Each structure stands twice: as structure tokens, then as C-alpha cells.
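Visitor: Got a structure for you, written out below as C-alpha cells; questions coming shortly.
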Amino acid sequence: MVDQNKVKEAVKLFLEGIGEDPTREGLLETPERIARMCMEIFSGMEEDAREHLAKTFSVANNEIVVEKDIVFYSACEHHLLPFYGKAHIAYVPNGKVVGLSKLARTVEVYAKRPQIQEQMTSQIADAIMEHLEPQGVMVMVEAEHMCMTMRGVKKPGSKTITMAKRGCFEENMQLQNDFFRMVQG
Ligand code: ZN
């Protein structure tokens, strides 16, 4: 739960720390603004993916389902700078599927908290395995990290790609290839 007062105090102190004057006009409302913004960009901390993945529909045939280009914005937990990009999710059902918007919701749950991309990718895959219980799931995340592009090595446009495979995707190259083909197509 975001404590808005603590965030406000911290931002004031932070501004002083970088040599700014938090009482000057342009910065006066910044702590308040950031505190409100945190309610939105870290809202995933209060959410449980189970809520989004619990409502399922029965299916007769267990064909692969792919949801691609799910845009997300997150904050890297090492620098609290944004990283953002797209998540692609595939799963092979085991008699039940979820509404497609629920996969995007699941991405949001894990994106909207201080995060590292590798961990987020695994968490999405694990949540789907646990709550939807498919035969397998595969998640690919491609993202640009502001901590790479505006500081440090400064490589604008470079992307970090992470992947997680669970269940039937782990050993089945054919399924993996289906996924790559559908994501790239
Ligand atoms: Zn970082």
C-alpha cells in the first residue's frame, strides 16, 4: 500500500539531496504529484493475479493461444527508472481458457511494481501456470531500459529480451517455434 505522506516527505528530502530547493515555485507541488503518481505506477503491489485468472471458460480443443504485443510500463528496482516494451504470452490450455484481456491484466499486476525484467517474465509465467493450470506457458518480454539509455552505457534503442517456458513448452521445440512464428508474424 502506497503511503502518500511518506512518499511526499521522501521526495522533498530527495530534492534537497540533489541540491534543489523544494520550496521554489516549480517544485512546490512535485512531492504531492509524485505521491499521487505512485498510486498508479505501483498499483500492482496491491493486486493478485489470481483475481484476473480465476474466471475461466471451458474449451473442447486445447489449441495454442497466443496474445502478443501487450504494452507495459514498469520501473527497474535498481534505479527506479522506467523500462517498457511488449510482452507476448502463449499457453496450451488444459480444458479451460481465460478472457484475453486477463492476460494483459496479469502483465500489469507484475509490471506495476519495482521490478527486474527477468523476474517479471518468470512471475507472469508462474502465475498463469498456478492459477489457470494450462499444459504449458511461454512468455517473452522485450523492453528498453531507461537506466541503460539515459545513464551508464547509453545505448538508445537497445532491447533486453527475456523468456520463460513452463510445462509442455520446456521440451517441445515445435511449440516454441509456433510461438516465435506467431509473435513475429
Ligand atoms: Zn536499472
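Visitor: Do any of Lys68/Lys159; Lys96/Lys159; Lys86/Lys112 go past 22 Å between their Cα atoms, and which?
Guide: Details: Lys68/Lys159 17 Å; Lys96/Lys159 34 Å; Lys86/Lys112 14 Å.
Pairs exceeding 22 Å: Lys96/Lys159.
Visitor: To the nearest 20 debye, what is the magnitude of the charge dipole of region 15-106 about its Cα centre, counting +1 on the Cβ of each Lys and Arg and -1 on the Cβ of each Asp and Glu? The partial results should precede the final answer.
Guide: On the way: 10 positive and 15 negative charges, 144 e Å.
It works out to roughly 700 debye.
Visitor: Go through 125-131, 74-80 and give me the packing order, highest mean Cβ count within 10 Å leading.
Guide: Details: 125-131: 19.3, 74-80: 16.1.
Ranked by mean Cβ neighbours within 10 Å, highest first: 125-131, 74-80.
Visitor: OK, next. Roughly speaking, what is the stretch gain from Asp126 to Val153, that is 0.36 nm per residue apart minus the C-alpha to C-alpha distance, in nm to one decimal? Kindly include the intermediate steps, with their values, before the conclusion.
Guide: Values: separation 27, 0.36 × 27 = 9.72 nm, distance 3.19 nm.
Full extension from Asp126 to Val153 adds 6.5 nm.
Visitor: Right, here's the next one. For Phe180 and Glu144, what does the FRET efficiency come to when R0 = 22 Å and r is the distance between their Cβ atoms, rounded to the nearest 0.05?
Guide: On the way: r = 21 Å, r/R0 = 0.93.
Step by step, r from the Cβ atoms, then E = 0.60.
Visitor: On the full set of protein chains, 1.4 Å probe, figure out the accessible area of Glu67 and give it in Å² to the nearest 10.
Guide: 50 Å²
Visitor: Let me ask something else. At 7 Å along Cα-to-Cβ for each site, give me the label-to-label distance between Val59 and Glu32 in nm.
Guide: Between Val59 and Glu32, the simple spin-label model gives 4.9 nm.
Visitor: Excluding Cys168 itself, what net charge comes from residues whose Cβ is under 13 Å from its Cβ, given Lys and Arg +1 and Asp and Glu -1?
Guide: -3
Visitor: Report, to the nearest whole %, how much of the accessible area of region 1-158 belongs to carbon and sulfur atoms, 1.4 Å probe, protein only. Please report the intermediate quantities before stating the final value.
Guide: Working: 4600 of 8750 Å².
Answer for region 1-158: carbon and sulfur cover 53 percent of the accessible area.
Visitor: Taking 20 °C and 1.002 mPa s as the conditions, I'd like the Stokes-Einstein D for region 55-184 in µm²/s, using the Kirkwood hydrodynamic radius from alpha carbon pairs. Each step should come with its number before you reach the end.
Guide: On the way: Rh = 15.1 Å.
Stokes-Einstein gives a translational diffusion coefficient of 142 µm²/s.
Visitor: Quick one: grab the alpha carbon gyration tensor of region 1-73, order the square roots of its eigenvalues as a ≥ b ≥ c, and give me rounded if a/c is under 1.5, else prolate or oblate depending on whether a/b is larger than b/c. Present the calculation step by step, with values, prior to reporting the outcome.
Guide: Numbers: a/c = 5.13, a/b = 3.14, b/c = 1.63.
Prolate is the answer for region 1-73, as a/c is 1.5 or above and a/b outweighs b/c.
Visitor: Under a 1.4 Å probe, what is the accessible area of the chain per residue, stated in Å²?
Guide: Values: 10560 Å² over 185 residues.
Here the per-residue accessible area is 57 Å².
Visitor: Taking Cα centroids, how far is region 1-66 from region 78-156 in Å?
Guide: 17 Å
The values are calculated or read from the model by the stated rules, or taken from the named source; none is laboratory data. Note that this is a predicted model, so its numbers are computed, not measured. Using ideal geometry, Cβ is built from the backbone for each residue, glycine included, and neighbour counts are taken over all protein chains shown. Areas reflect the complete protein model, heavy atoms only, side chains present, ligands, DNA and RNA absent. Shrake-Rupley method; radii C 1.70, N 1.55, O 1.52, S 1.80 Å.
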